[in-house]
Amino acid sequence: MAANPLDDLDLAILSHLQQDGRKPFTDIARALDVSVGTVRNRVGKMLEDETVWIYARINPPQLGLNASANIHVSVSPSNLIESVANVVKDFPEVSYVAMLSGEYDLEIDVMCRDTAHLTKFIQQDLHPVPGVVKTVTSIILRSYLYRQPDLSVLMTEQDDK
């Protein structure tokens, strides 16, 4: 389903939801000086066309996921990239999968309990996937920032003038 074009009010509503996905529509409406119905309708449309998803984001170490890693994957032949991505995205450890340009074909972020779990994932789950020929793993030692994009970069061009 194609997304509806967003205007500055939609972006302002999304900015409020990024700060707190459970923020009451009444509070958002009051802050933006619009009706609650306007906020409800616009959020409903954005949920329907999948412009936005509202979910809880966990803090992995607080739950015992102490070995997060970024894995770059080379795939051969190259016509298997989509196939590999579709297999890998269903592994429970995987939180992010993207096709890349450059030296590697895929980037995968994983969250594992510990390094033994990460090692098992790489050796027993990832490497046996048909098409995976090489992986390079970087263990994430500390995250300094993890956020959604700042929506002010999408504000109208008039703001840039």
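Taking the stretch 1-56, which chymotrypsin sites (Phe, Trp or Tyr not before Pro) meet the DSSP loop condition and have no more than 12 other C-beta atoms within 10 Å?
Sparse-neighbourhood loop chymotrypsin sites (Phe, Trp or Tyr not before Pro): W53, Y55.
If I stretch the segment between Q62 and V153 completely, what's the gain in nm (0.36 nm per residue apart, minus their alpha carbon distance), one decimal?
Between Q62 and V153, full extension yields 29.6 nm more.
Ligands, DNA and RNA left out, the accessible area of the chain computed with a 1.4 Å probe is 51% carbon and sulfur.
For the stretch 61-161, applying the loop criterion from DSSP together with a ceiling of 11 other beta carbons within 10 Å to the chymotrypsin sites (Phe, Trp or Tyr not before Pro) yields Y144, Y146.
Find, among the trypsin sites (Lys or Arg not before Pro) in the stretch 1-57, those assigned to loop by DSSP (not H, G, I, E, B) with at most 12 other beta-carbon atoms within 10 angstrom.
Hits after loop and neighbour filter: R22, R57.
Maximal additional length on extending the T137-R40 stretch stands at 30.6 nm, based on 0.36 nm per residue less the C-alpha distance. Entry note, the chain: relative contact order of 25 percent, from Cα contacts under 8 Å with a spacing of 6+ residues. What whole-number value in Å² describes the accessible area per residue of the chain for a 1.4 Å probe? The answer is 68 Å² per residue.
For M99, neighbours were defined as the other residues whose beta-carbon sits under 10 Å from its Cβ, and their charges (Lys and Arg +1, Asp and Glu -1) total -3. Shown is the FRET efficiency for A31 and N70, computed with R0 = 25 Å from the Cβ-Cβ distance and rounded to the nearest 0.05: 0.10.
Entry note, the chain: the mean residue ellipticity at 222 nm calculated from DSSP H runs of n ≥ 4, each adding -39500 (n - 2.57), is -8500 deg cm²/dmol after division by the residues and rounding to the nearest 500. Between the helical axis of 8-19 and the longest alpha-carbon principal axis of the chain there is an angle of about 60 degrees. Short-range pairs are left out: with C-alpha atoms under 8 Å and at least six residues apart, the relative contact order of the stretch 7-70 is 24 percent.
The values are calculated or read from the model by the stated rules, or taken from the named source; none is laboratory data. All values reported here derive from a predicted model rather than from experimental measurement. With ideal geometry, Cβ positions are generated from the backbone for all residues, glycine too; neighbour counts draw on all protein chains shown. What goes into the accessible areas is simple: the full protein's heavy atoms, side chains included, and nothing from ligands, DNA or RNA. Shrake-Rupley method; radii C 1.70, N 1.55, O 1.52, S 1.80 Å.
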